[in-house]
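**Q** My structure is below; once you've seen it, I'll send some questions.
The values are calculated or read from the model by the stated rules, or taken from the named source; none is laboratory data. Everything numeric in this text was worked out from a predicted model, so none of it was measured. Glycine also receives a Cβ, built like all others from the backbone with ideal geometry; neighbour counts cover every protein chain displayed.
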Amino acid sequence: MSKDDEWPEIHGVPDVPGWSHPHQPPAQHCYLGEGSKPEQLAYQEAFAKLKNWFRANSLSVLAYGTGCGSIELRPLATSRFDYERFGFSTQGTPRQANLLILSGYLSIKTLKRVIRVYEQMPSPKWVVGLGSCTINGGMYWDSYATMKQLDLYVPVDMQIAGCMPRPEALLEGFAALMTKIKAGKANGYIDYTRRLDWYRENQKKVIKDWDLPEYNW
Amino acid sequence: MTMKAFVEELSARFEVLWTHAQRDDLFQFGVPAVQAVPLLSYLKAHTPFIQLTHYTVVDWIEDGEFQMTYLLTDPVGRRALMICARIDRETAEADSLYKLWPQAVTYEHEMNEMFGIHFPGSPRMGLDFCLEKWTNTPPMRRDFDTVAFVKEMIPERPGREFITTRDYIGQKVGEKRLLHDD
C-alpha cells in the first residue's frame, strides 16, 4: 500500500445513516443541551483528514533568522536542495505565513519580537525550532542574554537537533512535520490559545520590559 | 623617528607613566586619566596618528580601577599607539571623545551599558544599546555573577549533563591514548 492510499478518497458527501437531506444533518448529531457531545460524523473526520493533507502540502514559511542556523536555510530554499519541491513557499510577512522557522539561539530581546510575530500569524500555524539552542540552550548555556528552552514561550511542533543542522536534516525534519500535520497531531497553535496564561507567565518572567498588548492580533 | 623616541618627545608635554614596546609597529604607554583627552587631541592635530582604531575598557577589579584603552593608528606609516589611562572603579567616569571622533559615541554608548561607565556630555548615556531595560549590575563587569543570574532568571530544560571535552575524548578513545599524547 502506498502512502497516498492512507487517505480516503472523497467524492461528494458520503452516505450517512439517518440522513434525510444531503445538506441537513440528522437530529441526533445536533446540539441537544448542556453536557451533550455532538457525534463526530464520518464525513467530518474524512474532511478533517483532507484539510490536514492540503495544509501539510502547502506550507508558507516565515524564516526568522535569529541565529547562525539561518545560514542553512539559504541552500535549502534555493536550487541545491530546493524545498519548493515539497510545497514550501517563502513569505515575507507573518500575516501570510503559517510556518515559523526559528533558526538558532534567541536572545531575550529577539524573543519579544518572535512572540509578536507568532501571534500575528493566522491559524493554523506551526513552529519549527532549529538547532540545539532552541532545545536546551546549546552553546549559549550560561549566557545572560539568551533563552534556553523555546517551548516555554511559543509552542514548538518540531525540533531539529544539531549545531547547526544541515539542509538534509532540515528536509527530514520538515518531512516529519508534514507527517505530523497530516495525522492531525501538530496542534501547538491550539495549545497556545488554550494555555495562553501559562505561556504569558513564562514570557513575562524573562522579558522584563513587557509592553506588548494582551494579544498581538 | 622610532616609536620610542616619539614617545620620549611626547613625555616633554605629557606625563608618561610607563612604556612598553609590544612590537616594532605597536607601542604602549600609560598616562593619567586627566591627560588622556588632551594627549589624544594633540596626537590627532599634530602627528600622523589620526585614526581611532579601537576604544575599549578593561576591568581591573583587583586594583579597583578601570583601564581605558585607546588605539590610534598612523594609516600612512602603518604604526599604532596604544594609550592606557586608569580611572577609579567606584566613580567610573571618563572623559568623552565624541568631539574628536564622532564615531566614539557608539563605543561610549556600549561601554556605558556593558560596564556602567559614565561619559559626561556624550549624547547617548543611559539609553539602551543591546540590552533592554537592564537593571542588574552591568554584565561585562567582573563582579557580575553570570551563572547565578542565569540560574535565577532563565529557566532551563532538566536533564542536560555537563561533560568536558577531555573526558568525552577520553571515553571515546580511551585514557591510554590520551596519556600517551601528553
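**Q** Within region B:8-35, work out how many residues are in contact (Cβ under 8 Å) with a residue 40 or more places away in the chain and closer than 13 Å to B:L81 by Cα.
**A** 8
**Q** Whether any residue in region B:82-95 is more than 17 Å from the chain's Cα centre (by Cα), of a type in the set (V, I, T), surrounded by fewer than 18 Cβ atoms within 10 Å (Cβ to Cβ) and more than 11 Å from every other protein chain (Cβ to nearest Cβ) is what I want to check.
**A** yes
**Q** Look at A:L171 and say whether it is of a type in the set (A, V, I, L, M), touching a residue at least 60 places away in the same chain (Cβ under 8 Å) and either under 30 Å from A:A48 (Cα atoms) or surrounded by fewer than 18 Cβ atoms within 10 Å (Cβ to Cβ) (or both).
**A** The answer is yes for A:L171.
**Q** Checking A:F81 against (1) part of a loop (DSSP other than H, G, I, E, B); (2) closer than 30 Å to A:Y144 by Cβ; (3) not charged (D, E, K, R): exactly one of these is not met. Which one?
**A** (2)
**Q** Among the residues of region B:135-157, which ones are out of contact with any Lys or Arg (no Cβ under 8 Å at 6 or more places or on another chain) and either more than 11 Å from chain A (Cβ to nearest Cβ) or in a loop (DSSP other than H, G, I, E, B) (or both)?
**A** Selection gives B:N136, B:T137, B:P138, B:P139, B:M140, B:R141, B:R142, B:D143, B:F144, B:D145.
**Q** Can I ask one more? Just one of A:M164, A:M147 is farther than 23 Å from A:M121 by Cβ and in contact (Cβ under 8 Å) with a residue 40 or more places away in the chain; which is it?
**A** Result: A:M164 is the single residue among A:M164, A:M147 that is farther than 23 Å from A:M121 by Cβ and in contact (Cβ under 8 Å) with a residue 40 or more places away in the chain.
**Q** Give the residue, chosen from B:L17, B:L10, B:L40, that is more than 23 Å from B:E110 (Cα to Cα), in contact with a strand residue (DSSP E or B) (Cβ under 7 Å, 6 or more places away or on another chain) and surrounded by 13 or more Cβ atoms within 10 Å (Cβ to Cβ).
**A** B:L17
**Q** Another one. From the residues in region B:98-115 that are surrounded by 18 or more Cβ atoms within 10 Å (Cβ to Cβ) and in a loop (DSSP other than H, G, I, E, B), which one is modelled with the lowest pLDDT?
**A** B:Y98
**Q** Scanning region B:116-134 for residues that are of a type in the set (D, E, K, R) and within 14 Å of chain A (Cβ to nearest Cβ), which turns out surrounded by the fewest Cβ atoms within 10 Å (Cβ to Cβ)?
**A** B:K133
**Q** Conditions: (1) at pLDDT 90 or above; (2) in contact with a Phe, Trp or Tyr (Cβ under 6 Å, 6 or more places away or on another chain). A:W7 meets all but one. Number of the miss?
**A** (1)
**Q** If you don't mind, there's one more thing I want to ask. Kindly provide the set of residues from region B:62-81 that are closer than 20 Å to B:L17 by Cα and exposed (fewer than 15 other Cβ atoms within 10 Å of the Cβ), ordered by number.
**A** B:E62, B:D63, B:G64
Residues are listed down the side, and each one gets a yes or a no for (1) under 12 Å from A:G69 (Cβ atoms); (2) among the hydroxyl-bearing types (S, T, Y):
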| residue | (1), (2) |
| --- | --- |
| A:A161 | yes, no |
| A:R166 | yes, no |
| A:A175 | no, no |
| A:T193 | no, yes |
| A:E201 | no, no |
